[in-house]
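**Q** Dumping the structure here so I can ask a few things about it.
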Protein chains: 2
Amino acid sequence: MDLHALTPIEEISRRIAAIRSLMMERSVDALLLTGNANIFYTLGRVVSGWVYIPREGEPLYFVRRPENVRGDNVCHIHKPELIPGELARRGYPLPAGIGLELGGATYLAIERLKAVFPDAAIADASAIMRSARAVKTDFELHLLRRSGIKHAMVYSRIPHLYRTGMSDIELQIEIERVSRLEGCLGQFRIAGDSMELFMANVLAGNNADNPTPYDFAMGGAGLDPSIPVGADGSVIKPGDAVMVDANGNFTGYMTDMTRVFSLGQLAGEAVRAHQCSIDICRELEKVGVPGAKASDLYDTAMRIVKEAGLERHFMGYTQKAGFIGHGVGIEINELPVIAPRSRDVLKEHNVIALEPKFVVPGVGAVGIENTYVVTAGGLERITCAPEQIINLE
Amino acid sequence: MDLHALTPIEEISRRIAAIRSLMMERSVDALLLTGNANIFYTLGRVVSGWVYIPREGEPLYFVRRPENVRGDNVCHIHKPELIPGELARRGYPLPAGIGLELGGATYLAIERLKAVFPDAAIADASAIMRSARAVKTDFELHLLRRSGIKHAMVYSRIPHLYRTGMSDIELQIEIERVSRLEGCLGQFRIAGDSMELFMANVLAGNNADNPTPYDFAMGGAGLDPSIPVGADGSVIKPGDAVMVDANGNFTGYMTDMTRVFSLGQLAGEAVRAHQCSIDICRELEKVGVPGAKASDLYDTAMRIVKEAGLERHFMGYTQKAGFIGHGVGIEINELPVIAPRSRDVLKEHNVIALEPKFVVPGVGAVGIENTYVVTAGGLERITCAPEQIINLE
């Protein structure tokens, strides 16, 4: 299998160039990447191995598995201890400083790589890669837009999936199936080890107010203490809000989208909060231009919430989330972070999800989430399902 | 929510005692655990936080989220730097040596915890926890047996899910749905960062011979270069073997089971290889007693394979896996490892999956996988679906 059959070499070169300009800024001689997300980014496919990016010269792909990957800069090795010898053989100098995935790989994995380059100063490649990946190329934007289109097609089917008497998890399972048939890859990549979610978070009624261990915007008790998040098996009742936040990974790049359904008419407070969420998105779509501070977006949202007198319900009731948005791409929690103390500044072609949500006791969770491309003209929405609450009855 | 409503305190105490005996052996004063699998093991539910296990005295549960967890030894904190002060306040000495999850947590996470205990010697808690968790308690065996029963119920439905003209992924999606309706939690926990699989590996025909980057026993090209494993969208053809290895996590504890289906009659070589896999399992069920060496199990399997003249096909054709079995539990890749150079020795109440599989070009993958409890009388099978190839026609 030839590597560049999957992602054009020009595209890979563009990404490597972006990474290198950050390496220059931080005076890092070389990166050695090992995580699946970063390997996918720099190679166009996942392999098991190590991607070596020097400041000058071609990147080298050290591949452990699979054994049938071919390409000019591919070198098959079974352990990282062989890398310095291979570098020397190809005329690459040993790096004086090397960036490793300190925020992604395990302590033992990093200690092993440090021993491979005993004289090199160690830098954090995770931070460099997070910054590089935050600004998407046109190729990546194309994949994200394709995910958004398929994601919206799945949501358009949801009203047809509901049957009287269904529980939250029964509805979720039918959404999962339709989503998979539409091409959803299932895999839900999250940076860091601690967050877990399977395919979707479907929150009906009061379950939305059950707090979780995970740093998601919304909660839910889940079905089992081994994964306490999301649907808890409750039958959907008249007057319940049903919030659907389902996996949008159709292309290796994920869009993030939330919509709300209802069984019958929702209480007025919930309807008002849902409209407030839409209003916040409309306003942030205007102010979300390159150069805007992420913290200013948060403050703008909070001002609208306070004007509506809905602060008590915003981003949770019993337990609150501390952000209203986040970058998305290969992973669901990329940069920038839209939070009150975020120092991130929006850049052109960041892709962000905004999710100003509310929890109304007795009703459930309301509000929308969209994925946007940051453009000079403001935020371009790429998750275009209808935003109003749709009655399942 | 009271913590011990979920898992009886006696059960937690039993697990802590097992961990402590390993801490004694390795002269570790205390453990500080952070990964979801180890938190679930020592607490009975997943929280975000840090579990502190001293050699003497009660374990302490430092919880960041959710905020509503209550219990005698629960202390709500938002960052690990507060742990030494809380220990002092409760009369716990600072540990001279502390075990951290060096093989599970990221380098930056471990460096942060090392700075919290600047004078302590650092040991590897990951290795201790892997050893402790490899021997299951009766409570855990009960959960594993329950997973096995539900897992077999799902497999009994598979012949009814096939429709003429289906692709591998279409069949997989229907298996996923039935599995979820049966109570499968979906989450597929894998120790380490590098392996990824969504819900199931369904391999039809020649796709079984496509090698993957991941250290699974079998491969498959997958649907996208971002997750190159498993079903590739091929329509199932007459003469194809269809191997199904689907998620068995129904209780937080996973059973692992593989069965083979066919479209019409398979070529004789494949039928013979499938029977060889069953024969290997029957033989290993007898010799898999406490005290048996894992490498001897591997050698026994290899002897049977060689006698049958099937070595070329064993554990892959284009790319081979280097093991025939592995421990299972909260994670899919626990101890012991059944491989030629494994130093593991079977212990009573280890739970292992054995998967002697074959790839026959032109037909696909054949062979079975079962999950077993190691008992004095040999291996007790807990995945009891029929083992013969079932014709889908």
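The values are calculated or read from the model by the stated rules, or taken from the named source; none is laboratory data. Note that the structure is predicted; figures quoted are calculated from it, not measured. When we count neighbours, we look across all protein chains shown, and the Cβ atoms used for this are built from the backbone with ideal geometry, even at glycine. Heavy atoms of the whole protein, side chains included, go into the accessibility calculation; ligands, DNA and RNA do not. Shrake-Rupley method; radii C 1.70, N 1.55, O 1.52, S 1.80 Å.
**Q** Given the conditions (1) within 14 Å of another protein chain (Cβ to nearest Cβ); (2) crowded, with 17+ Cβ neighbours inside 10 Å, and given that residue B:74 satisfies all but one, which numbered condition is not satisfied?
**A** For residue B:74, the failing item is (2).
**Q** Another question, then. Look at segment B:205-216 and say how many of its residues are under 30 Å from residue A:194 (Cβ atoms), facing another protein chain (nearest Cβ under 8 Å) and either open to solvent by 10 Å² or more (accessible area, probe 1.4 Å) or among the β-branched types (Val, Ile, Thr) (or both).
**A** Total meeting the criteria: 2.
**Q** So, of the residues in segment A:188-204 that are at the interface with another protein chain (Cβ under 9 Å from one of its Cβ atoms) and open to solvent by less than 30 Å² (accessible area, probe 1.4 Å), which turns out to be nearest to residue B:184 (Cα to Cα)?
**A** Looking at residues that are at the interface with another protein chain (Cβ under 9 Å from one of its Cβ atoms) and open to solvent by less than 30 Å² (accessible area, probe 1.4 Å), I get A:198.
**Q** If you don't mind, there's one more thing I want to ask. Hey, could you check segment B:77-93 for residues that are under 23 Å from residue B:17 (Cβ atoms) and surrounded by fewer than 19 Cβ atoms within 10 Å (Cβ to Cβ) and say which is farthest from the other protein chains (Cβ to nearest Cβ)?
**A** B:91
**Q** With segment B:96-182 as the region, which helices (runs of 4 or more DSSP H) entirely inside it contain at least 2 residues that are under 30 Å from residue B:240 (Cα atoms) and away from chain A (no Cβ under 14 Å)?
**A** B:138-161
**Q** Pick from segment A:1-16 the residues that are at pLDDT below 90 and not in a loop (DSSP other than H, G, I, E, B): which of them is least open to solvent (accessible area, probe 1.4 Å)?
**A** Step by step, filter segment A:1-16, then rank; the result is A:3.
**Q** Any chance segment B:106-123 includes a residue that's over 30 Å from the mean Cα position of the chain (by Cα), surrounded by 14 or more Cβ atoms within 10 Å (Cβ to Cβ) and not β-branched (Val, Ile, Thr)?
**A** yes
**Q** Here's a check for you: in segment B:218-241, which residue that is of a type outside the set (A, V, I, L, M) and more than 14 Å from chain A (Cβ to nearest Cβ) is least open to solvent (accessible area, probe 1.4 Å)?
**A** For segment B:218-241, the residue satisfying everything is B:240.
**Q** Can you run down the residue pairs with Cβ atoms below 6 Å, 6 or more apart or on separate chains, where the first is in segment B:314-329 and closer than 19 Å to residue B:293 by Cβ and the partner is open to solvent by 20 Å² or more (accessible area, probe 1.4 Å)?
**A** That search, which allows pairs on different chains as well, returns B:323/B:337; B:324/B:298; B:326/B:333; B:326/B:337; B:327/B:335.
**Q** Among the residues of segment B:224-239 satisfying the criterion of being more than 24 Å from the chain's Cα centre (by Cα) and not charged (D, E, K, R), which is nearest to residue A:47 (Cα to Cα)?
**A** Among them, the one singled out is B:225.
**Q** So how many residues does segment B:150-182 have that are touching a residue at least 40 places away in the same chain (Cβ under 8 Å) and open to solvent by 30 Å² or more (accessible area, probe 1.4 Å)?
**A** Selection size over segment B:150-182: 5.
Residues are listed down the side, and each one gets a yes or a no for (1) free of Cβ contacts under 8 Å to residues at least 12 places away in the same chain; (2) surrounded by fewer than 20 Cβ atoms within 10 Å (Cβ to Cβ); (3) away from chain B (no Cβ under 14 Å):
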| residue | (1), (2), (3) |
| --- | --- |
| A:19 | no, no, yes |
| A:32 | no, no, no |
| A:35 | no, no, no |
| A:41 | no, no, no |
| A:46 | yes, no, no |
| A:52 | no, no, yes |
| A:58 | no, yes, yes |
| A:68 | no, yes, no |
